[in-house]
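Here is the structure we will look at.
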Amino acid sequence: MPEAGNTRQELEKEGWELAATTSGAHLRRVLEMYQELGFDVYLEEVTPEECGGCTICYMTGNESITRIYTRKKPG
């Protein structure tokens, strides 16, 4: 697993791909889906400023925002 604090570029060099930025129940569904498909999954909590897009829904719901990175398991 990646070390906490890795940058997006460092994660991509290690083979991780950004799959989604989400929260709440959707986060759980996406996480379960990728795990069932056999992917390694890495979660990174981010601030609204780091998202670079609209975050009004997250902020209104007082939800944490999580980036989901995935990569195929070796073998």
Exercise. Taking segment 50-75 as the search range and keeping residues that are among the hydroxyl-bearing types (Ser, Thr, Tyr) and over 16 Å from residue 11 (Cα atoms), which one is surrounded by the fewest Cβ atoms within 10 Å (Cβ to Cβ)?
Worked result: 60
Exercise. Within segment 1-25, which residues are loosely packed, with under 13 Cβ neighbours inside 10 Å and without any contact (Cβ under 8 Å) to a residue 24 or more places away in the chain?
Worked result: 3, 4, 5, 7, 9, 10, 13, 25
Exercise. Quick check, is residue 63 over 12 Å from the mean Cα position of the chain (by Cα) and at pLDDT below 95?
Worked result: yes
For this session: Check residue 67 against each of (1) touching a Pro at 6+ places or on another chain (Cβ under 8 Å); (2) touching a residue at least 24 places away in the same chain (Cβ under 8 Å) and name the one condition it does not meet.
Result: (1)
For this session: Would you be able to say whether some residue in segment 13-25 is of a type in the set (Phe, Trp, Tyr), in contact with a helix residue (DSSP H, G or I) (Cβ under 9 Å, 6 or more places away or on another chain) and part of a helix (DSSP H, G or I)?
Result: no
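The values are calculated or read from the model by the stated rules, or taken from the named source; none is laboratory data. Just so we're clear, the structure is a prediction, and the values are computed from it rather than from any experiment. Every residue, glycine among them, receives a Cβ derived from its backbone with ideal geometry; neighbour counts consider all protein chains shown.
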